[in-house]
Structure formats: C-alpha cells, structure tokens
Amino acid sequence: MHPVHSSGTRRRQRRFPRLDPGTSGGGLMVLLTDRSDHVWTLRVNRPETRNAVNFALMDALEEQISAAEQDESLRVFVLTGSDANNAFISGGDLREFHQIKRSDEAREMSLRMIRLLDRIRALPCWTLAAVNGAAYGGGWEIMLAFDLRIASEDAIFGFTQGKFYLPPGWGGLASLQSAVGAQRAAFLLASQAILSAPQAHQAGLIHDYYPTSDYAQQFARLTERLALNDRTYIRYIKEQLFANPSPPQTSASTKAKSEAEPFSRFWESEEHMRRVEDFLKKRSG
C-alpha cells in the first residue's frame, strides 16, 4: 500500500497545482493506495478527523483520479476508509473549511469537489464505494458518485448538513434525487436522518451490505468478479446506463454545478458561521 502525502496547508484564493502522481508535499499520509492486477483501492486515512475531507485530501484524490484516467488496465476503482476509525468519510473538515469566509471561496471549493466527482463518474471502469463505517454529510455525497455502493452492516449514513445551516454542496441534491426520488430526498434532508445500512439499502442509497464479520472477504470476492469484465464491455454498459440525457432534459452534472452558487450564499451567512463556531467550541471544550 502506497501513501499519498500532503502538507495539509491552504493558501487564500487557493490555486491547486499539478503535482507528480502519488505526492503532494511532505507530511500526513491522507490517502493510501493499493494497486493489484486490474483493481485500484484508495483508503482515506485521516483518523484524527474520522476521514473528513480537507484540501490535502482533495489534492490527493485529484492526483489519483488523473492517474486512473491514464491507466488502460484499470477495471475497478475503489474508495474506502482506513480501518483505524470505523469511518468511510465523515463529511468536510469543519475546522479547516471554517477558514473559508467568503462566498466566492466557498463556491470554488464546492465546484472543485463537484468536478472531481464528475471525473470519477466518467472513468471507463467500474467505480465502487466501499462504505466501511460512517458516511456523514459530504461522505454520502461522495459515495453517490460511484457506480456501485456496498456497505458493511454497521455502516451509518447521516444527512446532517442542515445542522450547520447548509444544503448539500458537492452535487448531493442532484445525486440524492436520482438515487431515491425527490420526496424521499426531501424527507432525509429535512429530518437530518441517520440511517443504518439495512435502511440505506431499502431506500436505494446502497446496492448491498455485508455482515461486518465477513465484509472484507465478501467485498474481495465482488471486486474479483468485477475485474473479470473487459473495459470495452464496462464502457459500453456505463455509456448506456449512465450517459447524460439529451436536451431539453438537464443532466445530473449540470444540476450539481447549479448547486454551488446557493451553497456558497448559505456558507457565508452569519447563521452558518455561528453554528460551526458553536460546534467547534463544544468539541474543543
């Protein structure tokens, strides 16, 4: 397993430089990669934040997505959480992202993740979210960008953005509506629902879940079966099932990008700032 490093630093009006594959500076190993045969597995490795997304993780994901786009042997692209903290992705890193104060900065952060998730959707291989723990907020938004979503039985799914006076900001409104329908999506967001894996499966958020005690073995068998698919076959199936609809319908990608502007206005509001500050104070106290 190969670490992807990051310094974890952020610059104002951040520009995201292209870096050598597998590195983004020296420091914390935010993403572990394992490549075997036709399968790539990326493990988010930020145990101190329960695998919350920060700028360093965005950098690391971008590097790996760029590499995956160039690898013609790739058939299965997996994202999961490290085994250290029983979390898939717990959303955005509130402490780091709270440094963003202006709407234009919030919009750029939102659009950047939307673009990364669009690139994952467009990969000419099976993309597989292995939800091995908590998927809160942006965690379920990232999960929904993957073709196939498999959870461990003890995984939980939290629709908690409203707690911080935010709508989904990474394309989650469009992807959630596509997965479960508008009325159920509205209920999940309005009630700030917390779902178990069986409930998420019943709702249509995930395709299957495995007993926690046998999760690793069953998941490995699934990836082996998926890796038997030829890339031409995978590409054809994905084009037929997931291709953007023709006008006058609006594609999911276009809908997702339209979410960034209102998200940024909520972000810079006094109410959002107050709720995050209260949350961070309680955690530090």
* Assuming a ≥ b ≥ c are the square roots of the Cα gyration tensor eigenvalues, decide whether segment 134-285 counts as rounded (a/c under 1.5), prolate (otherwise, with a/b larger than b/c) or oblate. => oblate
* **DSSP-defined beta bridges in segment 73-228 - what % are antiparallel, rounded to 5** => 15
* Inter-probe distance in nm under a simple model that places probes 7 Å from Cα toward Cβ, at R274 and A190 -> 2.4
* Asked: Given Cα pairs under 8 Å that are at least 6 residues apart, what percent is the relative contact order of the chain?
  -> 18
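Quote to one decimal, in nm, the extra length available between S178 and Q199 on full extension: 0.36 nm per residue of separation minus the C-alpha distance between them. Kindly include the intermediate steps, with their values, before the conclusion.
Working: separation 21, 0.36 × 21 = 7.56 nm, distance 1.73 nm.
Roughly 5.8 nm would be gained on extension.
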* **Hits among lysines - C-alpha to C-alpha of K281 under 30 Å, sequence gap 8 or more where chains match** => K101, K163
* Which FRET efficiency value, to the nearest 0.05, is calculated for T212 and S36 with the Förster distance at 30 angstrom and r the Cβ-Cβ distance? -> 0.80
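Counting alpha carbon pairs within less than 8 Å and at least 6 residues apart, what relative contact order, in whole percent, applies to segment 116-198? Intermediate results must be reported in sequence, preceding the final value.
Details: 128 pairs, mean separation 25.6, N = 83.
It rounds to 31 percent for segment 116-198.
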* Asked: Rg (Å, one decimal) plus Dmax (Å, integer) for the alpha carbons of the chain?
  -> 18.0, 55
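Using the reciprocal of the averaged 1/r over all distinct C-alpha pairs, how large is the Kirkwood radius of segment 158-219 in Å?
12.7
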* To do: With both partners inside the chain, how many of the DSSP beta bridges are antiparallel, as a percent to the nearest 5?
  => 40
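Every number in this text was worked out from the coordinates using simple rules, so none of it is lab data. Quantities reported herein were computed from a predicted structural model and do not represent experimental measurements. All Cβ positions, even for glycine, are placed from backbone atoms using ideal geometry, and neighbour counts span all protein chains on display.
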